[in-house]
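K.L.:
Here it is, the structure, as structure tokens.
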Amino acid sequence: MKKLIVANWKLNPTSKNEAERLARSVLSQGPYRVELVLAPPYVWLESIRRMLRGRATLAAQDLFWEEKGAYTGEISGKMVKNLGVTYVIVGHSERKVHLGETDEMINKKVLAAFKAGLKPILCVGERERPQSHRSGVFQGPIGEIIGSQLANALTGVPKVKIEILTVAYEPVWAIGTGIPDTPEDAMSAAIFIRRIVGKLYGTAIGRKLRVIYGGSVNAKNAASFINEDGIDGALVGGASVNAQEFFKLLKNL
Ligand code: PGA
């Protein structure tokens, strides 16, 4: 399977022209060897979709768990699905920090994503930087945090859906800080995540789970993460809204 690169534009850019310019410059310099997914703000999804022509697919950055109704300001999975969106990011740590998103809400969103026919990219990760992943840190509190984030988010999700799930290991301390995790430690996290999903759904399913890494990925370090056997791609924030940097990142893979 091709490696998956998700460009999480977050709250950028501020105009449709800039959004289109960014998408155009990335798309026109392809093709790339990876599966490219663009996650612009909702308001630019429609215009970016018209530019894709098979060169990339779209992700929404979030969704609400109800399909429709009296929920001012919310956007449902069905709405974005109807716009031609394929993936949806669920449980990003910035939503937990700034908007109080809880494990229970994330679980509802995961279920709603599957119901709408979207492929969720579920974010998990610890807040504090551990001393070292390799020295068995996942046996301790960090493992418990990630294990419970996964178990809570996947409550009620049937086995057949795990095939279209992606888990993004996103240590919170590495997001937007310029301090990425090490490839070795990200790899340990990926192995741990597959083991947890294996416990929940069976080893074979755990082993096949798509796991990507996110947190200060840039053109220089991307290949070191995703060339590792077992990390299937990256969720890229800051570097994905800089056209030249992102182009270099994609070409280096
Ligand atoms: P960053 O963001 O690449 O800017 O660290 C990653 C993310 O938020 O997914």
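The values are calculated or read from the model by the stated rules, or taken from the named source; none is laboratory data. Bear in mind the structure is a predicted one, so any value in this text is a computation, not a measurement. Cβ coordinates were reconstructed from backbone atoms using ideal geometry, including for glycine residues, and neighbour counts include every protein chain displayed.
K.L.:
Being acidic (Asp, Glu) and out of contact with any Lys or Arg (no Cβ under 9 Å at 6 or more places or on another chain) is the filter here, so list the residues in the stretch 146-185 that pass it.
P.N.:
Within the stretch 146-185, just GLU170 meets the criteria.
K.L.:
Name the single residue, out of those in the stretch 77-93 being surrounded by fewer than 19 Cβ atoms within 10 Å (Cβ to Cβ) and of a type outside the set (Lys, Arg), that is nearest to GLU163 (Cα to Cα).
P.N.:
Out of the qualifying residues, it is THR86.
K.L.:
Looking at this structure, is SER240 within 10 Å of the ligand (Cβ to nearest atom) and either on the phi < 0 side of the Ramachandran plot or out of contact with any helix residue (DSSP H, G or I) (no Cβ under 7 Å at 6 or more places or on another chain) (or both)?
P.N.:
Spelling it out, SER240 is indeed within 10 Å of the ligand (Cβ to nearest atom) and either on the phi < 0 side of the Ramachandran plot or out of contact with any helix residue (DSSP H, G or I) (no Cβ under 7 Å at 6 or more places or on another chain) (or both).
K.L.:
Only one of SER216, SER148 is in contact (Cβ under 8 Å) with a residue 40 or more places away in the chain, of a type outside the set (Asp, Glu) and within 16 Å of the ligand (Cβ to nearest atom); which?
P.N.:
The conditions single out SER216.
K.L.:
Just a yes or no: is a residue in the stretch 82-96 within 27 Å of LEU27 (Cα to Cα) and without any contact (Cβ under 8 Å) to a residue 12 or more places away in the chain?
P.N.:
yes
K.L.:
Among (1) closer than 19 Å to LYS248 by Cα; (2) modelled with pLDDT of 95 or more; (3) out of contact with any Leu (no Cβ under 6 Å at 6 or more places or on another chain), which single condition is GLU74 missing?
P.N.:
Only one criterion is unmet by GLU74, namely (1).
K.L.:
May I ask you to list the residues in the stretch 76-105 that are in contact with a strand residue (DSSP E or B) (Cβ under 6 Å, 6 or more places away or on another chain) and of a type in the set (Val, Ile, Thr)?
P.N.:
VAL80, VAL85, THR86, VAL88, ILE89, VAL90
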